[in-house]
Structures are given as structure tokens and as C-alpha cells.
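For reference, the structure is listed below as C-alpha cells.
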Amino acid sequence: MNFEEFETYCQKYDDTSDLLTVEINDSEYYSDNELESISVQLYQNTSDPYISYYHDEVEASDMEAIANADNLYCAFRKCCKGVDWKGSVQGYMMNALHYIRLSQRLIRSGEYREKDMTPFTLNERGHIRYIQPEHITDRVVLRSFIDNVLMPQLEKHIINSNTASQKGKGISYARKLFEKDLHNAYLKYGEDGYVLLIDFSKYFDNLLHECIMKQFSKFLYNNHLVEFMRNYLDHCSIDVSYMDDNEFQHCYESIFNSLEYSKLSFYHSGDKMMRKSVGIGSPVAQQCGIYYPHEIDIYCTIVKGCKFYGRYMDDTYIMGKKSNLKILLKELVPKYKSLGIHVNLKKTKIIPIIGMISYLKINYITYKNGKVIKKVNSGNIRREYRRLTRYYHLYHNNGNISLVDIYNSYKSWRGGFIKYDSKKEIEKVDKHFIELFGDDMGKTISDFYLF
């Protein structure tokens, strides 16, 4: 293999110029010194940014936490969970080390930029959501940024009752904390206790980029990381060239709806960019949602001394006396507005502790003797009935779903709710499942109590 053949080989595969051995006729190999001189010549003679000799890369040790190969590979393994059936993910998996090396070079040279998102709509419990996921190559880099730079700093400042999407926390932890606060609030206030449930309108669509940068910049310990975060937010900016000057001037104060925006047809000239909104589906957007109202978390728990406070992303509750909660709500609304968060006053309500309270799709019923029972929301039961019926038709009509997938899906749903006080309702769903699939699977109702 002469130099011209080696150059063609490297240009074809992009990422071979730093290999220490190149096969020649299945038996001969270049020495390290010979390969180094060839690689340096190749680097000097090419303008392709992907083909560069590794000694000539821009040194940026302050970005090494993101660009480290081990960190990127761990991030890649996390990003594959649950989505390894996708073609783009499988393509990345087949050439993982190649893509990781390309990402390394772009990060270290400061040339890394996210690809365009591939948005789609998702019907979730009757609500159509506009999802904007990152490409797998970007998800890996952003996951490495979160795990090795951002989250180690943020978790030191997040309060315990902020429970969404963190290690050791999650929706089950949030529900247990809510139940514990219900018991303690009843012991303190008795029947005079009330719960303030706060709901936001289009939470992720209205996060202000400048507020995010102001909050996160103190945790990003050098200018390269700050620039990395700003580039991501610029990537999320919304082209509002269709607005006139007056509309654009007040766009940060009004509620932005990404679903309605996706239906608009206009020329995206980029003349007017609205710097707010982070797309649902991005790993960084999730961390923004967790930390964004942190100042209000601190205000409620420390300044106002709210003992029974919790937040799961955009679902917030505060327990106390009714008069105090009314005053607190009036104080919080302008504070939320200063962050660009719009409180949905129609869904925000103050309800007594005694009775039924719905939080995170579980109905908590508190009796006058202080007993609390937890019932699965009836909507979840109805949806599972309909889902099983659809599975039945998919399986028997065209075989688009296997019995194993049906069984695992139902087992997963059942395992999430069997621990609550809705066993009779779940037994009815069990019977419905057996009626539909019992003969095909060879299972009876007694098999479900072995889960």
C-alpha cells in the first residue's frame, strides 16, 4: 500500500488516520514511525476536519469531561436503553467507536454543533404533544455533558422535594413523599389543612434561554462549557419571522405553544429568533425543567418556611392553612412570571386535605381519622382496557405484535399499580386479559399472583 492508496483508504473511512497499524497484503505492517510520517503528511494535505492527526488536535482539557472516550461510551449505552429498535440507533451501535471518535474531535476542536431535530407528535392520554428529539449522535454528547459536567454540580443545590428524573428519586419517590406530607400535614393542621396544587401552561415551551444561562453559567467552570451550553440553546431558538415588530417585542411575555407553531407555514428566514423554549425529548431540556424554578423552591421552603412542599417537574404542591396558601399563591404568580412561567389559574386550586386529592395520576383519599388510601386513577384503568383490546386485534388480524410483547407490556403496567389500594379494579383487568389472551398463552387468573 503506497501513500496514495493509504490516503484513499483514510478518506473513505474518515477515522483511520490515527490507527497504529495498517494491513498490507495480509502480512506486512507499517511501523509506528512510518505511519506517523504518513499521517502528518495526510493531515497537512487535507482540508477535511474529520481527518486530522491526533497530535495536532486543539487541546481543550476543560472539555475533556465531555470528550473523554469512556464517558462518551457510557453515555452511548444509556442512550440506547429502550430505543435500540430504531434504525438510527442500530446504525450508531454498529459503528459506535467510529462515531465516538468523530464526536471527540469535533468537541475538542470547538466545531461541534447539533444536527437538526426530527420532530413528531405524540398522543398521550388524549393530549397531543410536540416532541423534538435529538439525533442519536447528539444525544450521546449531551448525555455525557449532563452526567459529567452539569448534573454533578446541580445535584448539590437541588432540594430533596424536587423529585423528577434524578438518581434515587423518580415518580414512585414523589408519590411516597406526597403521602408522607399528607400524613404530617394532617397531624399538624387536622381538618383545617389544605393543599395548593399549582399547574403551569406549556412549561417547556416557555423556558427563557437567558434565565437558563444565568442559572447554569455559575456551574460551568470555564468559558468553553458556557459556550457549549449557549450553542445548545441557540439551536433551540424559535424562528418567528412571521411576527411583526410589535408581536416580536411582546413574544417573551405571551404563552408560546410549540404544537400550534408546528402547524404554521411561513418562510424561515431567521430574521427574528425567539430565544425561549427547549424541546421535549432532549436530555438537556429535562435538566433545565428540573432546575429552572429552583429559586422558587428555595423561596417556599426556606424563606416562607413551607414544611410540606414538593415538585415533580411542573407539578407542584404546598400544604398548609387555606388563608396562608391564598397569600402565598398571590406572591408566587409574579415570581413565576418573571421566569417566563405561566401559572394556569384554571387548573391551579386549593382543596381540603380531607377528601380526595389527585397527584401524579394517583387519587389520595384522606379520612377524618387520618387514614390515607391510594387509588389508581380510573382513567388509567380504562386506558388499559382499551390498550388490551387493541393488542388483541393487532395480534389476531395481522400479527404486528407478539404474545411475549403483550404479556410484558401488561405485566409492566400491572406491576406499577398493584401496590396501590385498587386491587379489585386490577383483578377486573386481569380477567379481561385472560378472556382475550388466556387460551393463546395458556395462562389462568391465578398466574398473575406470581408476579
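Restricted to segment 396-428, and to residues that are in contact (Cβ under 8 Å) with a residue 40 or more places away in the chain and among the aromatic types (F, W, Y), which residue is nearest to I365 (Cα to Cα)?
Ranking the qualifying residues of segment 396-428, first place goes to Y420.
So is S422 exposed (fewer than 13 other Cβ atoms within 10 Å of the Cβ), of a type in the set (S, T, Y) and modelled with pLDDT of 85 or more or not?
no
With modelled with pLDDT of 85 or more, surrounded by 18 or more Cβ atoms within 10 Å (Cβ to Cβ) and over 20 Å from E114 (Cβ atoms) as the only criterion, which of Y242, Y309 stands out?
Unique residue meeting the criteria: Y309.
In segment 375-397, how many residues are open to solvent by less than 40 Å² (accessible area, probe 1.4 Å) and either assigned to a strand (DSSP E or B) or among the hydrophobic types (A, V, I, L, M, F, W, C) (or both)?
The number of residues fulfilling the criteria is 3.
Could you look through segment 64-93, keep only residues that are among the hydroxyl-bearing types (S, T, Y) and open to solvent by 20 Å² or more (accessible area, probe 1.4 Å), and pick out the one that is farthest from R143 (Cα to Cα)?
S88
Which of the helices (runs of 4 or more DSSP H) found entirely inside segment 275-357 contain at least 1 residues meeting this: within 30 Å of N369 (Cβ to Cβ) and touching a residue at least 12 places away in the same chain (Cβ under 8 Å)?
In segment 275-357, 322-338 are the helices (runs of 4 or more DSSP H) which contain 1 or more residues that are within 30 Å of N369 (Cβ to Cβ) and touching a residue at least 12 places away in the same chain (Cβ under 8 Å).
Does S323 qualify as being closer than 30 Å to Y364 by Cα, hydroxyl-bearing (S, T, Y) and open to solvent by 40 Å² or more (accessible area, probe 1.4 Å)?
The answer is yes for S323.
Looking only at segment 107-128, filter to residues that are in contact (Cβ under 8 Å) with a residue 60 or more places away in the chain and under 30 Å from R383 (Cα atoms); which one of those is least open to solvent (accessible area, probe 1.4 Å)?
For segment 107-128, the residue satisfying everything is P119.
If a residue must be open to solvent by less than 50 Å² (accessible area, probe 1.4 Å), out of contact with any helix residue (DSSP H, G or I) (no Cβ under 6 Å at 6 or more places or on another chain) and in contact (Cβ under 8 Å) with a residue 24 or more places away in the chain, how many such residues does segment 163-184 contain?
Residues that pass the stated criteria total 8.
Quick one: is G270 crowded, with 17+ Cβ neighbours inside 10 Å, of a type outside the set (S, T, Y), assigned to a loop (DSSP other than H, G, I, E, B) and modelled with pLDDT under 85?
The answer is no for G270.
Just a yes or no: is a residue in segment 350-363 touching an Asp or Glu at 6+ places or on another chain (Cβ under 6 Å) and either within 30 Å of L403 (Cα to Cα) or crowded, with 17+ Cβ neighbours inside 10 Å (or both)?
yes
Whether any residue in segment 173-195 is within 22 Å of G279 (Cα to Cα) and either of a type in the set (S, T, N, Q) or assigned to a helix (DSSP H, G or I) (or both) is what I want to check.
no
Is there a residue being within 20 Å of Y291 (Cβ to Cβ), open to solvent by 10 Å² or more (accessible area, probe 1.4 Å), in contact with a helix residue (DSSP H, G or I) (Cβ under 7 Å, 6 or more places away or on another chain) and part of a loop (DSSP other than H, G, I, E, B) anywhere in segment 204-218?
Within segment 204-218, one or more residues are within 20 Å of Y291 (Cβ to Cβ), open to solvent by 10 Å² or more (accessible area, probe 1.4 Å), in contact with a helix residue (DSSP H, G or I) (Cβ under 7 Å, 6 or more places away or on another chain) and part of a loop (DSSP other than H, G, I, E, B).
Give segment 75-118 a look and list any residue that's assigned to a loop (DSSP other than H, G, I, E, B) and closer than 30 Å to N223 by Cβ, or say none.
Within segment 75-118, G110, E111, Y112, R113, E114, K115, D116, M117 meet the criteria.
The values are calculated or read from the model by the stated rules, or taken from the named source; none is laboratory data. Fair warning: this is a prediction, and the values are worked out from it, not measured in the lab. No Cβ is skipped: glycine too gets one built from the backbone with ideal geometry, and neighbour counts run over all protein chains shown. All accessible areas refer to the heavy atoms of the entire protein, side chains included, with ligands and DNA or RNA removed. Shrake-Rupley method; radii C 1.70, N 1.55, O 1.52, S 1.80 Å.
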